[in-house]
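The values are calculated or read from the model by the stated rules, or taken from the named source; none is laboratory data. It should be emphasised that the depicted structure is a prediction, and the values quoted were computed from it without experimental measurement. So basically every Cβ, Gly included, is an ideal-geometry build from the backbone, and we count neighbours across all protein chains shown. Each accessible area value is taken on the protein alone, full model and side chains, heavy atoms only, with ligands, DNA and RNA left out. Shrake-Rupley method; radii C 1.70, N 1.55, O 1.52, S 1.80 Å.
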Amino acid sequence: RAELGLAPDALLGVGIDRLDYTKGIEERLSAVDELLRRYPAYRGRFTFIQLAAPSRTKIGHYRELNERVEALAAAINAKWSTGAYRPIVLLRAHHEPVTVFRYYRAAELCYVSSLDDGMNLVAKEFVAARDDDRGVLVLSEFTGAARELSEALIVNPYDIRQSSDALAVALRMS
């Protein structure tokens, strides 16, 4: 946690995806916003780090998605930030596996909010990285992994209220 610049008592969520419209990143960030609106105890304590590898940057729709994600993260941060605290940390770059592993290990939860996806290996990578029996996977019902990882908290990522509730449940789990 210290190497990631986090306070020891901070609560951390992580999302790791290509910046692609099928990944539900806008819905994911909206769920964090809703979590902070409906569960004030997490304000100033919960940070969601989104590792978003740029994807297809020469295609207009993907550039527009990137702009919307950046604007949404900025709006959420403007609403809930205090002092040095920012609820959303958007890291748009390719990250090496060792760095991704550090985030998986530090996070209380991983939210995979794919809207239309295949297996979604991020979910399985998070589970494999957590050999300490800690960390909660919040998983879109639209992933193939949802059929195999049935102990995850399964959500409809289009239902922002349900997703925010699942994030709150995940943060309360030991």
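Assorted remarks:
- Looking only at residues of region 14-52 that are out of contact with any Pro (no Cβ under 6 Å at 6 or more places or on another chain) and part of a loop (DSSP other than H, G, I, E, B), we find that the one that is modelled with the lowest pLDDT is Asp20.
- Of all the residues in region 115-142, those that are among the polar types (S, T, N, Q) and under 21 Å from Ala168 (Cβ atoms) number 1.
- Of all residues making up region 149-164, the number that are open to solvent by 50 Å² or more (accessible area, probe 1.4 Å) and either free of Cβ contacts under 8 Å to residues at least 24 places away in the same chain or part of a helix (DSSP H, G or I) (or both): 6
- Members of region 53-66 found to be modelled with pLDDT of 75 or more and either among the small types (Gly, Ala, Ser) or open to solvent by 80 Å² or more (accessible area, probe 1.4 Å) (or both), listed by number: Glu64
- Note on region 67-146: enclosed strands (runs of 3 or more DSSP E) holding 1 or more residues that are surrounded by fewer than 17 Cβ atoms within 10 Å (Cβ to Cβ) and within 14 Å of the chain's Cα centre (by Cα) are 88-91.
- Of all residues making up region 38-52, the number that are open to solvent by 50 Å² or more (accessible area, probe 1.4 Å) and either in contact (Cβ under 8 Å) with a residue 24 or more places away in the chain or under 20 Å from Arg92 (Cα atoms) (or both): 4
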